[in-house]
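No lab work stands behind these numbers, since they all come straight from the coordinates. Because the structure is a prediction, the values reported are computed rather than measured.
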Amino acid sequence: MQRFEPLVRESTPAIIAGKLRTAIGLGQIPPGSQLGEAELAKELGVSRGPLREAMQRLTQEGLLISIRNRGLFVITMTDEEVRDMYVARTAVERAASELILQKGGKAVAAQLMQTVKAMKKAADKADMDAMSQADMEYHAKLVAAAESTRLTRMHNTLLTETRMCLTALERKYPDPYARVAEHQAIAEALADGDQERVGKLLISHMEDALDRLTGNGDADVATA
C-alpha cells in the first residue's frame, strides 16, 4: 500500500522528517518496523542523501532506534517510556500556558474552543479518528500559541509519540464526552486567566490519560 505521495517541491531533510514523523504517529509505519532506505526513497521520490539525514533527525528525537548490523527501527514504547513522555508533555504544556497567560489567554482560549467543538462533533458521530485528530490539534495549538520555538520543537516529537498511543487510548475512554469535557475545562481556565487552575487541569488530564494507558494508578506526572 502506498504510504506517501511523492514530494512535489524541492525536498529537504526537514520536509522528509516531517512526513516520516506523521506516518509514524498515525501508525502507517508501525512500532518495531524497520525503515528501508531504498523503499522509502522510492515512495517519497527523493534521493537517499536527504532521506538519510531525515532519519538521523528522527533518531536524535528518539523516534527511531539504530540497531547495529540490522538498521533503523521505529521505537516500541514501554509503559515507563509512555509515563516519561507524559511527564515531559505536562512540563511543556504548563510552560506554554504560563507564556500565553502573560499576554492574556482569551484569544487562545477561543481558538481552543473551536477545536473542542470539533471534538464534540466527532463524539456525536462516534468518529474516534476525527476525535483523536482534533485532540492532537488542540494541544498543538496550545503550545504554538506560546510562540516559543524550542517548546514547539520539543512538543512536536512528544505529540508524535502520543499519536502512537492514541489507538490504545481511544479504547480506554468508554465515554468520549469525558475527553471533550477535559479539554473544554482547560480552555475555560485559560479564558479566565487562572494559571493555577490551568496547571492543575493539565496535570489531571495527563495523569488520567497515563492511567488509562498503563493502568498505573499511582502515576504522578506532576513530579517532573
To test your reading of the geometry: what angle, between 0 and 90 degrees and rounded to tens, separates the Cα axis of helix 149-172 from the longest principal axis of the chain?
80
Estimated vicinal HN-Hα couplings, Hz - the stretch 104-112 in sequence order (Karplus 6.51, -1.76, 1.60; Gly, Pro = x)
x, x, 5, 5, 5, 4, 5, 5, 5
From the helices alone, meaning DSSP H stretches of at least four residues, give me the mean residue ellipticity at 222 nm for the chain, per-run term -39500 (n - 2.57), in deg cm²/dmol to the nearest 500.
-23500 deg cm²/dmol
In whole Hz, the Karplus estimates of ³J(HN,Hα) for the stretch 118-123 (6.51, -1.76, 1.60; θ = phi - 60°; x where Gly or Pro) are 5, 5, 5, 4, 5, 5
3J(HN,Hα) from dihedral phi, the stretch 94-102, Karplus parametrisation 6.51/-1.76/1.60, rounded to Hz, x for glycine, proline:
5, 4, 4, 5, 5, 5, 4, 6, 5
Most fluctuating of ARG179, ARG94, ARG153 in the GNM of the chain (C-alpha, under 10 Å) is ARG153
Kirkwood Rh in Å, taken over all unlike Cα pairs in the stretch 79-218:
14.9
